[in-house]
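What follows is a set of notes on a single structure, which appears directly below.
FYI, it's all coordinate maths here, none of it is from the lab. As the structure is a computational prediction, the values presented were derived from the model and not from experiment. A quick note on method: Cβ atoms are made from the backbone with ideal geometry, for glycine too, and the neighbour counts reach across all protein chains shown.
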Amino acid sequence: MLELRPICEHCERALPPESTEARICSFECTFCRACVENLLANVCPNCGGGFVPRPIRPRTNWNDDNFLGKYPPRTERRHRPVDWKHHGRLAERLRSVAPELR
């Protein structure tokens, strides 16, 4: 079950469950679209993977209790600003490798 983390790990922008701006890697590191596109070059600073839009969990119980009411988003904030020196080296190494090939 996705945690639906509440903020961008770098800039702390609010990313509520319905946000279309949330991006996640396969480990659920969560960043906003602006950070992913403008700062991170689609390279996760934690694992080196790429990002995809985070799915939106339904607010309404349309089917078998699979909705926010039963599976609420995480409330704990995880603020881990990017170490630019480290990320610069990582992003440079991975810049020419497509996310699906990393």
Taking region 1-41 on its own, how many of its residues are more than 25 Å from Pro72 (Cβ to Cβ) and surrounded by 18 or more Cβ atoms within 10 Å (Cβ to Cβ)?
1
Pick from Gly88, Gly69: which is part of a loop (DSSP other than H, G, I, E, B), surrounded by fewer than 16 Cβ atoms within 10 Å (Cβ to Cβ) and more than 17 Å from the chain's Cα centre (by Cα)?
Gly69
Taking only region 50-66 into account, find how many residues are among the hydrophobic types (A, V, I, L, M, F, W, C), surrounded by 11 or more Cβ atoms within 10 Å (Cβ to Cβ) and part of a loop (DSSP other than H, G, I, E, B).
2
Yes/no for Arg78 being surrounded by 15 or more Cβ atoms within 10 Å (Cβ to Cβ) and touching a residue at least 40 places away in the same chain (Cβ under 8 Å)
yes
State whether the residues of region 3-13 include one that is in contact (Cβ under 8 Å) with a residue 60 or more places away in the chain, basic (Lys, Arg) and outside any strand (DSSP E or B).
yes
Please enumerate the residues belonging to region 49-71 that are touching a residue at least 24 places away in the same chain (Cβ under 8 Å) and not aliphatic (A, V, I, L, M).
Gly49, Gly50, Phe51, Pro53, Arg54, Pro55, Arg57, Arg59, Tyr71
